Amino acid sequence: MQILNPTPSAVYNGMLQGAYRIATGEGIFCLWRGVSSVIMGAGPAHAVYFATYEAVKHLMGGNQAGVHHPLAAVTSGACATIASDALMNPFDVIKQRMQIHNSHKIYRSFSDCARYVYRTEGISAFYVSYPTTLSMTIPFTALQFLAYESLSTFINPSKAYDPFTHCSAGALAGGFAAALTTPMDVVKTMLQTRGTASDSALRNVNGFMEGAKLLHKREGYSGFFKGVKPRVVTTMPGTAICWSAYEACK
């Protein structure tokens with residue numbers, strides 16, 4: 001839904017219609033295209049993420065018992081994002097390429113897609129969206145951590161392990177952050193998929209500002225919130241599980 005200038009058969013009016021048309025037109029398993037890239041990158045990236053978060057939070061005094069430290073939560077989340085995204089960005093590029101309409105006709109597998117992108121666009125293609133990714137994920141993480149710490153402290157002041165608190169606070173925090181950072185996600189997707197575009201203006205977009213200007217010119221302000229519902233719906237379960245697992249392992 002976030003692709004700029006998609007093929008006519010890949011224009012969807014909503015999440016359910018999009019899922020139905022992909023499943024009927026390309027096969028049910030095409031809904032899981034790109035999952036191999038996520039699996040390979042997510043584990044190491046999350047390890048870096050939470051290790052950095054805890055280290056920075058400790059340095060800023062955010063681990064003191066009974067103390068809610070919003071600045072420590074925001075700063076720790078931002079630093080964790082910078083470190084983890086440096087590792088995850090190439091995997092995210094490959095995932096986006098594999099999820100494009102009819103991409104299964106071009107890429108046979110994760111490794112085939114990686115080789116194709118490297119051969120045709122060079123190593124820079126894996127990081128052209130990194131600054132834009134950070135412009136999205138740093139606010140996303142800062143908002144998520146701030147919302148999570150605030151919600152979990154409000155619901156459970158004792159900070160004792162409580163699966164319901166961690167799950168519900170994680171889901172709400174993730175959905176809130178996802179909705180507010182959708183505009184950056186749309187531009188990030190544009191940069192990560194530009195190599196497959198036949199549109200010369202789109203292929204030559206080199207950064208966040210250029211991408212934002214082109215998007216506004218062609219689709220107006222509404223274009224910045226394409227796919228906001230699927231983004232929120234898919235983010236909330238993930239952040240709920242992530243926070244619950246994290247708190248259980250602390």
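Can you tell which of Asp85, Asp112 is of a type in the set (D, E, K, R), closer than 22 Å to Leu180 by Cβ and assigned to a helix (DSSP H, G or I)?
Numbers: Asp112 fails: closer than 22 Å to Leu180 by Cβ.
Unique residue meeting the criteria: Asp85.
Candidates Val205, Val233, Val186: the one that is outside any helix (DSSP H, G or I) and among the β-branched types (Val, Ile, Thr) is Val205.
The residue that is surrounded by the most Cβ atoms within 10 Å (Cβ to Cβ), among those in segment 115-151 that are of a type in the set (A, V, I, L, M) and within 23 Å of Ala177 (Cβ to Cβ), is Met136.
Considering only residues in segment 84-120 that are free of Cβ contacts under 8 Å to residues at least 24 places away in the same chain and among the aromatic types (Phe, Trp, Tyr), the one that is nearest to Ala45 (Cα to Cα) turns out to be Tyr118. Here Ala169 meets each of (1) in contact with a Phe, Trp or Tyr (Cβ under 8 Å, 6 or more places away or on another chain); (2) among the hydrophobic types (A, V, I, L, M, F, W, C); (3) over 17 Å from Lys250 (Cβ atoms) with one exception, condition (3). So if I check each of Ala240, Ala248, Ala212, which one is part of a helix (DSSP H, G or I) and modelled with pLDDT under 90? From the options Ala240, Ala248, Ala212, the qualifying one is Ala248.
Each row is one residue, and each column tells you yes or no for (1) farther than 23 Å from Val38 by Cβ; (2) of a type in the set (Val, Ile, Thr); (3) surrounded by fewer than 16 Cβ atoms within 10 Å (Cβ to Cβ).
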site	(1), (2), (3)
Val187	no, yes, no
Met190	no, no, no
Phe224	yes, no, no
Gly227	no, no, no
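Of Thr182, Thr189, Thr137, all but one fail to be hydroxyl-bearing (Ser, Thr, Tyr) and in contact with a Phe, Trp or Tyr (Cβ under 8 Å, 6 or more places away or on another chain); the exception is Thr182.
Within the option set Ala178, Ala169, being under 25 Å from Ser36 (Cβ atoms), assigned to a helix (DSSP H, G or I) and either in contact with a helix residue (DSSP H, G or I) (Cβ under 9 Å, 6 or more places away or on another chain) or among the β-branched types (Val, Ile, Thr) (or both) holds for one residue only, Ala178.
May I ask you to verify whether Ala78 is surrounded by 14 or more Cβ atoms within 10 Å (Cβ to Cβ), touching a Ser or Thr at 6+ places or on another chain (Cβ under 9 Å) and of a type in the set (Gly, Ala, Ser)?
Details: surrounded by 14 or more Cβ atoms within 10 Å (Cβ to Cβ): yes; touching a Ser or Thr at 6+ places or on another chain (Cβ under 9 Å): yes; of a type in the set (Gly, Ala, Ser): yes.
Answer is yes for this residue.
Of all residues assigned to segment 83-103, at least one qualifies as being loosely packed, with under 14 Cβ neighbours inside 10 Å and more than 14 Å from the chain's Cα centre (by Cα). Among the numbered conditions (1) among the basic types (Lys, Arg); (2) within 30 Å of Ile106 (Cα to Cα); (3) not in a helix (DSSP H, G or I), the only one that Lys159 does not meet is (2).
The values are calculated or read from the model by the stated rules, or taken from the named source; none is laboratory data. Since the structure is predicted, the reported quantities are computational estimates derived from the model, not experimental observations. When we count neighbours, we look across all protein chains shown, and the Cβ atoms used for this are built from the backbone with ideal geometry, even at glycine.
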